[in-house]
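Notes follow once the structure below has been shown.
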Amino acid sequence: MRSDIFDQKNLEVATGQRFVLQNTKMLKVTLGEPVIAAKGAMVAYQGNVQFHHKGADSLTKFVKRAMSSDDQALMTVSGQGDVFFARMAENVFLIELEGDAISVGGSSLLAFDAALQWDLHRTRGAGTMTGGLFNTLIQGRGSVALTSDGTPVILDCSQQPTFVDPNAAVCWSANLVPDVVSSMNMTSLLRGGTGEAFQYKFHGPGFVVVQPSEGFSGAVQTS
């Protein structure tokens with residue numbers, strides 16, 4: 001039997017590390033310690049693996065998740081074996097937290113070590129017209145896997161204000177606290193709008209990672 005699909009580059013990657021990219025679109029996590037992942041992101045697994053809905057760890061977090069329209073459902077993955085994660089053929093990249101933190105926007109969160117601390121934070125200025133905008137703050141020591149719909153760009157927010165469509169903001173420095181601002185005015189609204197109603201405003205020492213896409217139809221609509 002011969003086929004290009006059996007090319008060496010398509011074989012499973014084994015490095016001995018817990019979080020390993022199999023290619024630009026797929027992540028493999030070797031269990032032992034549990035991992036938290038986005039529901040529906042598992043595409044394959046090997047071994048004895050269990051999947052359980054990840055509920056809120058506290059009443060405060062439960063209320064935040066109930067209020068959040070762009071919160072994604074999470075699951076705890078435990079057992080022994082290897083689990084492969086992917087989402088809509090998006091690019092996957094890893095962040096190693098070393099006692100620091102990262103803020104993750106929208107549905108960019110793919111998987112992370114269960115030992116990491118996480119919480120939802122509502123964006124300043126996010127009212128009912130925006131549908132309520134939340135981001136996930138993850139901190140501690142461990143691995144975080146994020147997805148980007150296309151190859152992202154990193155913007156420096158320290159020199160001047162940086163405005164980003166909320167659906168295009170993958171993640172940003174934890175010390176940055178974005179505001180939600182509106183570019184709408186009455187004249188524009190009466191003429192049908194510009195299609196760019198709300199943006200995140202970042203300004204300060206740090207970065208924001210922006211994907212070349214405004215996400216899928218299930219995301220918060222800002223256009």
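Values computed for the structure shown
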| item | result |
| --- | --- |
| Reachable aspartates and glutamates, given that their alpha-carbon falls under 12 Å from the alpha-carbon of Lys201 and they are not under 8 places away in the same chain | Asp165, Asp179 |
| Modelled FRET efficiency - R0 22 Å, Lys201 with Asn175, Cβ distances, 0.05 increments | 0.90 |
| Residues with amide H under 5 Å from that of Asp100, placed H, sequence gap 5 or more | Gly140 |
| By average C-beta atoms within 10 angstrom, highest first, the peptides 43-49, 73-79 | 73-79, 43-49 |
| Pair Leu137, His53: separation of 7 Å Cα→Cβ label points (nm) | 2.7 nm |
| Extension reserve of the Thr15-Glu98 stretch, reckoned as 0.36 nm per residue once the Cα distance is removed | 27.8 nm |
| For Glu214, residues with placed amide H under 5 Å, excluding near neighbours | none |
| Approximate spin-label separation Ser3-Ala73, in nm, with each point projected 7 Å along Cα-to-Cβ | 3.2 nm |
| Contour minus Cα-Cα distance for Gln159 and Gln46 (0.36 nm per residue) | 35.9 nm |
| Cut-off under 5 Å, modelled amide H: who pairs with Ser158 long-range | Gly204, Gly206 |
| Inter-label distance for Thr24 and Ser182, nm, one decimal - labels placed 7 Å from Cα along Cα-to-Cβ | 3.9 nm |
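A short reminder: the numbers here are calculations on the coordinates, not readings from a lab. Predicted model, so just to flag it, every value in this text is computed and none were measured. FYI the Cβ positions are ideal-geometry reconstructions off the backbone, even for glycines, and counts take in every protein chain you see.
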